[in-house]
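Written below as structure tokens is the structure these notes are about.
The values are calculated or read from the model by the stated rules, or taken from the named source; none is laboratory data. Keep in mind that this is a model prediction, so the values were computed, not measured. Glycine gets a Cβ as well: all are built from the backbone with ideal geometry, and neighbour counts include every protein chain shown. What goes into the accessible areas is simple: the full protein's heavy atoms, side chains included, and nothing from ligands, DNA or RNA. Shrake-Rupley method; radii C 1.70, N 1.55, O 1.52, S 1.80 Å.
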Amino acid sequence: MKTTQALKLAALATIAGLTLTAATSFAAGKASAKQMNVSEDIDSLGGNQELMEMAQNIKSETRSRIVQDRLVPRRNRVEFGMTYGGVVGGDSYLKTQSAGFSMDYHITPRWSVGARYYDFGNSLTDEGKRVFEQARKNYQAGGTGYAVDIDYPENAMLAVANWYPIYGKTSFLDMGVTQFDLYFVGGAGQIKLSSGSTSLITAGAGVSAWVTKHLTARAEVRYQTYKDQPVTGSRQLDTGVATLGLGWIL
């Protein structure tokens, strides 16, 4: 009798244990599935095409672009200027500097046409001085002297056109806003050499800063080419010119 009762108790304990285990497993599986669904929902937010399009539309609608006009109006204006600079390349015996005057008519803020005049000052380079001194010594010693073979520039006149495709504004030490333009220049004219006049072609680029509504400052670099006529015969000279200048716009 006691044995039968013990068997019944053992069977009830086994059933209770199995039931508790099944209930625990079901609850854990349900929690895991719920967690997986939440993770999938979170992951799906980034792939929701409608939400992505809505975010892009909001971003594009709130984006703005500000383009301010130039501080100095340059339409139907005249600018006068003075320049000073140096010439590099060309004759190895010559060292040349230039002082000049300019006048530019600003048709629009992007285009201007004008005229330039340059007066050149020349001196011998170290190589030129060496050759000249050697010729002088040969002549004083009773030998044959020869002149340094140079054809130096005296002045030049140019007609030019300027194109201002890029402009910006800057502030130096918070002292005020300065407008500047990057521009390209090209032109042609005549250059007077010691042997006579010949044609001159030039092209380059520069930057102009509008210090006030009337005062301008310019830095310019140009390539120019022409033919000179030394004793040994005609030759094509390719030179570079760098100038700094100040101007006044009316």
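The table below gives the values:
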read-out: Simple label model, 7 Å out from Cα along Cβ direction - K213 to A115, nm; value: 2.9
read-out: Principal semi-axes in Å for the range 71-146 [√(5λ), Cα gyration tensor, largest first]; value: 46, 9, 8
read-out: Heavy-atom accessible area per residue - the range 172-250, 1.4 Å, Å²; value: 53
read-out: Sulfur and carbon atoms: percent of accessible area, the range 102-250 [1.4 Å]; value: 64
read-out: Separation between Cα centres of the range 181-240 and the range 97-129, rounded to whole Å; value: 6
read-out: Karplus-derived HN-Hα couplings along the range 93-102 (A = 6.51, B = -1.76, C = 1.60, θ = phi - 60°), whole Hz, x at Gly and Pro; value: 8, 10, 10, 10, 10, 9, 10, x, 10, 9
read-out: Projected area averaged over orientations for the range 99-250, convex hull of C-alpha atoms, nm²; value: 11.5
read-out: Additional length obtainable on full extension of the chain from N76 to Q229, 0.36 nm per residue less Cα span; value: 50.9 nm
read-out: Label-point gap, in nm, between I201 and M157 - each point 7 angstrom along Cα→Cβ; value: 2.1
